[in-house]
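Everything below concerns the one structure shown next.
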Amino acid sequence: MKIITFGASPSKKSINKKLAIYASSLFENAEVEILDLNDYQMPLFTVDIEAEIGQHELAKAFLSKIESADLLVISLAENNGNFSAAFKNIFDWCSRITPKVFQGKPMLLMATSPGARGGASVLEIAKNAFPRYGADIKATFSLPSFNENFDIEKGRISNTELDYQLKELINNIEL
């Protein structure tokens, strides 16, 4: 099974990327490819720029990565209650190529933040919107208070109850 995973943030120290990588490591016999949004930097999407340059090659490359996956593991950064601008821009470019950006792929959808809500606002937005764009959301998970519940040095959730919840979700995902 091939997993494509990413944290939907351009931060080099993205806590969402750390969570996505950890969650991906919990799947048995999986080949995991980690994407970095910084590898998909495109001009801010506008129909004017699209008319000038057409479909952006990096958007095509991103969609190709999605196509190669058996499972998507995505952890969303929450910026002011919504997607990060970097992720939204990639998503906008990709959706102009195909409205089914996620191509019917099964998905573990997550979010985390330093706050107690754990990215709940952005996770709710995505849970409602992503199926319209071809996501087959199998499970969702929010990790609250990242700094208190994740051991960065070990690269894993340190809160045993939350770690158990994530592992149970993963064990119950049917592909």
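Quick note: the coordinates plus some simple rules give every number you see, no bench work behind them. Quantities reported herein were computed from a predicted structural model and do not represent experimental measurements. Cβ coordinates were reconstructed from backbone atoms using ideal geometry, including for glycine residues, and neighbour counts include every protein chain displayed.
Excluding same-chain neighbours fewer than eight residues apart, the lysines reachable from residue 13 by a Cα-Cα span under 20 Å are 88, 154.
Counting charges near residue 122 (Lys, Arg +1; Asp, Glu -1) among other residues having Cβ under 11 Å from its Cβ returns a value of +1. Of the peptides 108-114, 25-31, 163-169, the order by per-residue mean of other Cβ atoms within 10 Å, starting with the highest, comes out as 108-114, 163-169, 25-31. Distance check, please: which entries in 18/60; 100/138; 60/127; 17/60 exceed 19 angstrom between their Cα atoms? From the list (18/60; 100/138; 60/127; 17/60), the Cα-Cα distance tops 19 Å for 18/60; 60/127; 17/60.
About the Cα centre of the chain, how large is the charge dipole given +1 on each Lys and Arg Cβ and -1 on each Asp and Glu Cβ? Please answer in debye to the nearest 20.
On the way: 18 positive and 22 negative charges, 29 e Å.
Here the chain has a charge dipole of around 140 debye.
Close amide H contacts of residue 105 (hydrogens built in the peptide plane, cut-off under 5 Å, sequence separation of 5 or more or a different chain): 136. For the chain, the longest principal axis of the alpha carbon atoms and the long axis of helix 15-25 meet at an angle near 70°.
How do the peptides 17-24, 74-81, 94-101, 44-51 rank, highest first, by the average count of neighbouring beta carbon atoms within 10 Å per residue? Don't jump to the answer; show the numbers that get you there.
Details: 17-24: 24.1, 74-81: 21.2, 94-101: 17.2, 44-51: 11.6.
So the peptides 17-24, 74-81, 94-101, 44-51, ranked by packing, come out 17-24, 74-81, 94-101, 44-51.
If each DSSP helix of 4+ residues adds -39,500 (n - 2.57) and the sum is divided by the residues in the chain, what number results at 222 nm, nearest 500 deg cm²/dmol? Don't skip to the answer; put the middle values down first.
Working: 7 runs with 68 residues, N = 175.
After summing the helix terms and dividing by the residues of the chain, the value is -11500 deg cm²/dmol.
How high is the relative contact order of region 2-171, given as a whole-number percent (alpha carbon pairs under 8 Å, six or more residues apart)?
Details: 323 pairs, mean separation 39.0, N = 170.
Once divided by the residue count of region 2-171, the mean separation gives 23 percent.
Once the C-beta distance of residue 30 and residue 50 is scaled by a Förster radius of 35 Å, the resulting FRET efficiency is 0.50 to the nearest 0.05. Given q = 0.09, 0.16, 0.17 Å⁻¹, what are the Debye log10 I(q)/I(0) values for region 2-171, with equal point scatterers placed on the Cα positions and solvent ignored? Once normalised to I(0) and log-transformed, intensities are -0.28, -0.89, -1.00.
Residues in region 53-92 near a label at residue 128, defined as backbone nitrogen under 15 Å from the 7 Å Cα→Cβ point? Residues passing the 15 Å test: 81-83. Scaling against 2.2 N^0.38 Å puts the C-alpha radius of gyration of region 71-168 at 1.12. Local charge for residue 49 was computed over the other residues whose Cβ lies under 13 Å away, with Lys and Arg +1 and Asp and Glu -1, and equals -3.
Secondary structure note: in region 1-136, about 5% of the DSSP beta bridges are antiparallel.
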